[in-house]
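Written below as structure tokens is the structure these notes are about.
The values are calculated or read from the model by the stated rules, or taken from the named source; none is laboratory data. Keep in mind it's a predicted model, so treat the numbers as computed, not measured. No Cβ is skipped: glycine too gets one built from the backbone with ideal geometry, and neighbour counts run over all protein chains shown. When the accessible area is computed, the model is the full protein with side chains, heavy atoms only, and any ligands, DNA or RNA have been set aside. Shrake-Rupley method; radii C 1.70, N 1.55, O 1.52, S 1.80 Å.
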Amino acid sequence: MQQILSGVYAIIIGVGAMVLFYFGTNWVLDKAFADEMTADRRMIKSREKIRESIRPWIFVLPALLLLLLYLVYPAIQTFILSFFNATGNEFVGLHNYEWAINDGEFLQSIGNNILWLLIVPFVSTALGLVIAVLADRVRWGTLAKSMIFMPMAISFVGASVIWKFIYDYRPEGQAQIGVLNALVTSLGGQPQAWLTIPFWNNIFLMIILIWIQTGFAMVLMSAALRGVPEETLEAARIDGANEVQIFFNIMIPQIIGTILVVWTTITIVVLKVFDIVLAMTNGQWDTEVLANLMYDWMFRGGGDFGRGSMLATVIMIAVIPIMIWNIRRFRAEEAQR
Amino acid sequence: MTTKAQTMAGAADKAASGTSSFNLSLGWWITRISLALIVIAWTIPTFGLFISSLRDKDQLAITGWWTALQTSVGTEQGRTGEADAQVETNGQYVLTGSIFGEGSTKSIRTYGGGFLPSSGTVEYGQGEQPGIRDYAPGELVTLEDGSTFVLESNGTYTYTSPTPFDFDRGRRFFMETQIPPTFTLANYQEIFRAESVDQSFINTFTVVIPATIIPIAIAAFASYAFTWMEFPGRRFLFYIVVALIVVPLQMALIPLLRLYNTVGLSKGYPGIWLAHTGFGLPLAIYLLRNYIGSLPRELIESAKIDGASHFQIFTRLVLPLSVPALASFAIFQFLWVWNDLLVALVFLGKTPDQIVLTSKLRELLGSRADNWEILTSSAFVSIIVPVLVFFALQRYFVRGLLAGSVKGG
């Protein structure tokens, strides 16, 4: 109860401070540079120019300061720390990076991350596209899309519990309470401890992320498909193209931009994926990934800031091409405005 | 001639339309069936979790949730009370009690084995205890020493002997029990009572609400400036905002942790509010700028001509018009903060007054890994709010997604 109150206070204080800041500074600005009468009281000396050159900074300054403090400064600092030792006070050059390329866990993470990057964005995007096409032809398509979209609202940890239950394993002879093993045994197979089978367990973890991300892909694809002109499709049908040809030769080229956006967005999610691995296996049985390894080193043995920063930097390097592509795309869009 | 040609053409047409309608109806079925299968595959995991969280914990541990409506049968061992509890009446020593705990819905199908004489003629299945099918509930069993034992199907037993009982531990036997389908809220009561998940629920709200409101307000001002105001470096600064959208959080954590430790913001709510604000701002500014930039220029211009300052235009005109975009981002940020684990693990403590639902759930996955009744109900508590918000405001969420990714798409 006390906590709810302090939460409410915090909201009031926080919002109050913001209101006070924005209104207060604007008021001060209007007063300090108010228009003045000239000496002969006939002309008004406008100081609007001064006011309007300062005002934008009042609007953007809080945001810029927060971005600087919470993203720009730490990112630069992390990069620098990656060349320092565990406590961050002794320069060690490339030592952390050299250590990494000889570390089994790191190499395993890189391998697994590549696997994740190859499989998850592709499967989510492809499934999302197929579902979007199917759902547009069915009267209950909206409901179907809603249900497939729903996992987007579920946390990675929540999803992990849901799927751990599906992958649950009981020794042979006992009744299986996990759906997957129940299915396998009812078909006459042996129950498996799915999460402990190296290589394949990576796939079982990926399924969780695919389950979450497909809805996202589907929504964007669905919107993009609506932008494909009906006449184009009609013309192709008249020319004798079948639905499969239309899908591959007309629809996909028309929405390739959206496909790339979805692909890159999911790629970034994959690079940052950490919760699922932490909750399901914590990197055991050869399922380690970079983001989980980074979290691990951040606190392992009291925290190794050098190695943690190095791992974060490796993730960042993988993100940079997408970052550049995003900015280019944005500039192109701005030029069209 | 003409008529013949026309008839032939007509027939060909008919044939063509015949095959095409066949294709169409096949495609019609394939479309519907495959979509239905996908929907089922996508919803079953969550549905299974929900059903499981409402099941009796003993049943949940031995049978799949899809059998929730069937009576489940299990094998377990029973034990009588200890010899101390015996009562002497009319020269007979009697031990009575119930095999099951208070409020149990179980009943006994057959029992035997253990200290009870075994017939040894029945064949038993794999994994079963010998003797388990020997006796039916209510049947009077006479033991070699002249004592008698009766077990009723509700689990109450009467053990009678002409000589005093003198065993140390209660005597053991095996039984086949059945549990009728039961749905219960006991699992939820359990996680609120013993695991203080309700406290975590409040903690999550304490994090989420300020962490949603603060970035919206700050981003709204900034995005207005980026759209309608002139200042040096405007374009460049906005490129930086666009670039920051994809920066992985991992890149920010270590320096912030160090900074927080020195200024004393670590392991507290204000620290995490500010962190979520900072991390959410790039996308917020980007989304809101897209929306505010789509407002008609004439609207802003005419307000300016009427003598309104930018501040007035923003607070009285643009802000009210931007409510849909603000709602879109609010849902984004709400879901993101509610579902976040990484930031909570780094910036909040694990004490009961700070641990949030995601963090709690992760802890339970470690400490109560075999207690599915705890895990399923806790998981359900943690997902119900975002799922409800999602279904109620899906329209705004989708709009935000589209604006955030395929602008003008």
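The table for this structure:
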read-out	value
Charge tally in the Cβ shell below 10 Å around B:L116, where Lys, Arg are +1 and Asp, Glu are -1, B:L116 excluded	+1
5 angstrom amide H check on B:E139, placed H, neighbours 5+ away	B:L151
Pairwise FRET efficiency - A:F91 versus A:I50, Cβ, R0 = 45 Å, nearest 0.05	0.45
Cut-off 20 Å, label 7 Å out along Cα→Cβ of A:T142, residues of region B:363-403 by amide N	B:388-403
Percent carbon-and-sulfur accessible area, region A:96-336, ignoring ligands, DNA and RNA, probe 1.4 Å	63 percent
For region A:291-316, residues shielded by at least 20 square angstrom of accessible area compared with the chain on its own, probe 1.4 Å	A:M294, A:Y295, A:M298, A:F299, A:F305, A:A312, A:I315, A:M316
Sulfur and carbon atoms: percent of accessible area, chain B [1.4 Å]	59 percent
For region B:302-409: accessible area per residue (Å², 1.4 Å)	37 Å²
Chain A - Kirkwood radius from inverse mean 1/r over Cα pairs (Å)	25.1 Å
Farthest positive-ward along chain A dipole, Cα basis, beta-carbon charges - from A:N96, A:F33, A:A335	A:F33
Gap separating the Cα centres of region A:89-157 and region B:191-257, nearest whole Å	22 Å
Sites B:T67 and B:E301 - FRET efficiency at Förster radius 60 Å, r taken between beta-carbons, to 0.05	0.30
Between 0 and 90°, nearest 10: helix A:48-67 axis offset from chain A longest Cα axis	30 degrees
Counted charge near B:K106, where neighbours are those whose Cβ lies closer than 13 Å (Asp, Glu -1; Lys, Arg +1)	-4
List A:I203, B:I209, B:I40, A:I162, ordered by accessible area with a 1.4 Å probe, largest first	B:I40, B:I209, A:I203, A:I162
Nitroxide proxy distance, nm - points 7 Å out along Cα→Cβ at B:R368 and B:L143	3.9 nm
Solvent-accessible ranking of A:F23, B:F221, largest area first, probe 1.4 Å	A:F23, B:F221
Solvent-accessible area buried by A and B, counting both chains, probe 1.4 angstrom, square angstrom	9800 Å²
Pairwise label distance in nanometres, A:V28 with A:L260, each label 7 Å out on the Cα-Cβ vector	4.7 nm
FRET efficiency, 1/(1 + (r/R0)^6) with R0 30 Å, evaluated for A:A17 and B:L321 via beta carbons	0.75
Additional length obtainable on full extension of the chain from A:L183 to A:T196, 0.36 nm per residue less Cα span	2.8 nm
Phi-based couplings in Hz for region A:240-257 (Karplus 6.51, -1.76, 1.60; Gly and Pro marked x)	x, 6, 8, 4, 5, 4, 4, 4, 7, 9, 10, 5, 4, x, 5, 10, 4, x
B:Y157 accessible area, 1.4 Å probe, all protein chains in place, Å² to nearest 10	10 Å²
Alpha-carbon centroids, region A:252-309 and region B:52-105: separation in whole Å	47 Å
Axial C-alpha extent at least 27 Å, average Kyte-Doolittle at least 0.0 - helices from chain B (DSSP)	B:2-53, B:197-228, B:269-292, B:372-392
Nearest-10 value in Å² for the accessible area of B:R297, using the 1.4 Å probe	130 Å²
Probe 1.4 Å, all protein chains present, accessible-area order of B:E102, A:E48, largest first	B:E102, A:E48
Residue-count net charge about A:R170 - beta-carbon cut-off 14 Å; Lys, Arg +1, Asp, Glu -1	-2
Probe 1.4 Å - accessible area at B:L388, Å² to nearest ten	110 Å²
B:T262-A:N282 pseudo-label distance in nm [points 7 Å out on the Cα-to-Cβ vector]	3.2 nm
